[in-house]
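Asks: Mind having a look at this structure? Questions to follow.
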Amino acid sequence: MNAVVQPASRMLLPLREEDLDAVLEIEQATYDFPWTRGNFLDSLRAGYEMQGLVAPQYGLIGYFIAMQGAGELHLLNISVAPAEQRRGHARYMLDELRALARARRAAQLWLEVRVSNERARALYERYGFRNTGLRRGYYPALGRKREDAVVMSLQIPEAAHGLG
Ligand SMILES: CC(C)(COP(=O)(O)OP(=O)(O)OC[C@H]1O[C@@H](n2cnc3c(N)ncnc32)[C@H](O)[C@@H]1OP(=O)(O)O)[C@@H](O)C(=O)NCCC(=O)NCCS
């Protein structure tokens, strides 16, 4: 995969069941413990917010999945294909997620991230998320161990609620 996607040409589209082969290819290339097809299907059926980042002439290069809660949006998965990382695609998806949270009058976005996932933690911190807690042994880890999750949240400014 050698595409260099120009920011102006990328777009976010709702993920569909027929996109899952492409999703799984990225998922399996980016995680030691990837979600399964069943996890993605369950999320589709549950009506979670699932958007794919698509580049014309290339196809799917990333995606995010978020669950609506009471007054909040919980980011469950955000991934960018390895060859497309560090080009601002995750930041672009977070912008969309924040706009979505505003449109739905959610007061905050929150997520869990592995303590060892420095790239993702750097992304969220630079974006403005704050550490709000630790969940001990939340994730499976290699060697049958468990790994802690950092809980992070981003407040959606009051003044912006409902502005879309
Ligand atoms: C984490 C991930 C989604 C970031 O996607 P990305 O498109 O590469 O991120 P962006 O290019 O939008 O980066 C935005 C900012 O995040 C930080 N960041 C991203 N990748 C980084 C890295 N490898 N090292 C340090 N900081 C990094 C930087 O602050 C960066 O801004 P900058 O490039 O102006 O310095 C991507 O690395 C990925 O898919 N990783 C595997 C899956 C994963 O861990 N998902 C998160 C689960 S909680």
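Asks: Which of the trypsin sites (Lys or Arg not before Pro) found in segment 50-131 are in a DSSP loop and have at most 15 neighbouring Cβ atoms, other than their own, within 10 Å? Write down the numbers at each step before the final one.
Replies: On the way: sites: R86, R87, R91, R98, R102, R104, R105, R114, R119, R121, R126, R130; in loops: R86, R87, R104, R105.
Sparse-neighbourhood loop trypsin sites (Lys or Arg not before Pro): R86, R105.
Asks: Ok, one more. Quantify, in whole percent, the carbon and sulfur part of the accessible surface of the chain (1.4 Å probe; protein heavy atoms only).
Replies: Exposed carbon and sulfur together represent 48 percent of the surface.
Asks: Residues with beta-carbon under 15 Å from that of R126, excluding R126: net charge, scoring Lys, Arg +1 and Asp, Glu -1? Intermediate results must be reported in sequence, preceding the final value.
Replies: Details: positive: R86, R87, R91, R98, R119, R121, R130; negative: D95, E118, E125.
Summing Lys and Arg as +1 and Asp and Glu as -1 gives +4.
Asks: Now a separate question. Based solely on its DSSP helices, what 222 nm [θ] is calculated for the chain when runs of n ≥ 4 H residues each add -39,500 (n - 2.57) and the sum is averaged over all residues, nearest 500 deg cm²/dmol? Please list the in-between numbers first.
Replies: Values: 4 runs with 46 residues, N = 164.
Counting only the DSSP helices, I get -8500 deg cm²/dmol.
Asks: For segment 18-164, with every protein chain kept in place, what is the accessible area per residue (1.4 Å probe, Å²)? Working shown, then result.
Replies: On the way: 7970 Å² over 147 residues.
Accessible area per residue: 54 Å².
Asks: Could you check what % of the DSSP bridge pairs in segment 1-156 are antiparallel, to the nearest 5? Numbers along the way, then the final one.
Replies: Working: 34 of 38 bridges.
Bridges in segment 1-156 are about 90 percent antiparallel.
Asks: Next question, about the same structure. May I ask you to derive the FRET efficiency for Y127 and R105 from their Cβ-Cβ distance with R0 = 25 Å, giving the value to the nearest 0.05?
Replies: Working: r = 20 Å, r/R0 = 0.82.
According to the calculation, E is roughly 0.75.
Asks: Viscosity 1.306 mPa s, temperature 10 °C: what is the translational diffusion coefficient of segment 1-93 from Stokes-Einstein with a Kirkwood Rh over Cα pairs, rounded to a whole number of µm²/s?
Replies: Values: Rh = 13.5 Å.
For these conditions, the coefficient is 117 µm²/s.
Asks: What are the extents of the Cα atoms of the chain along their three principal axes, in Å, largest first?
Replies: 45, 40, 31
Asks: Which value results for Rg/Rh of segment 56-139 when Rg is the Cα radius of gyration and Rh the Kirkwood radius based on the inverse mean 1/r?
Replies: On the way: Rg = 13.5 Å, Rh = 13.9 Å.
Rounded to two decimals, Rg over Rh is 0.97.
Asks: Leaving ligands and nucleic acids out of the surface, order S9, S43 by accessible area at 1.4 Å, largest first. Working shown, then result.
Replies: Working: S9 45, S43 5 Å².
Greatest to least solvent exposure: S9, S43.
Asks: Also, quick follow-up: Points 7 angstrom from Cα along the Cβ direction at E17 and A83: gap in nanometres?
Replies: According to this spin-label approximation, the distance is 3.0 nm.
The values are calculated or read from the model by the stated rules, or taken from the named source; none is laboratory data. Model, not experiment: these values are computed from the prediction. Cβ coordinates were reconstructed from backbone atoms using ideal geometry, including for glycine residues, and neighbour counts include every protein chain displayed. For accessibility, only protein heavy atoms count, side chains too; no ligands or nucleic acids. Shrake-Rupley method; radii C 1.70, N 1.55, O 1.52, S 1.80 Å.
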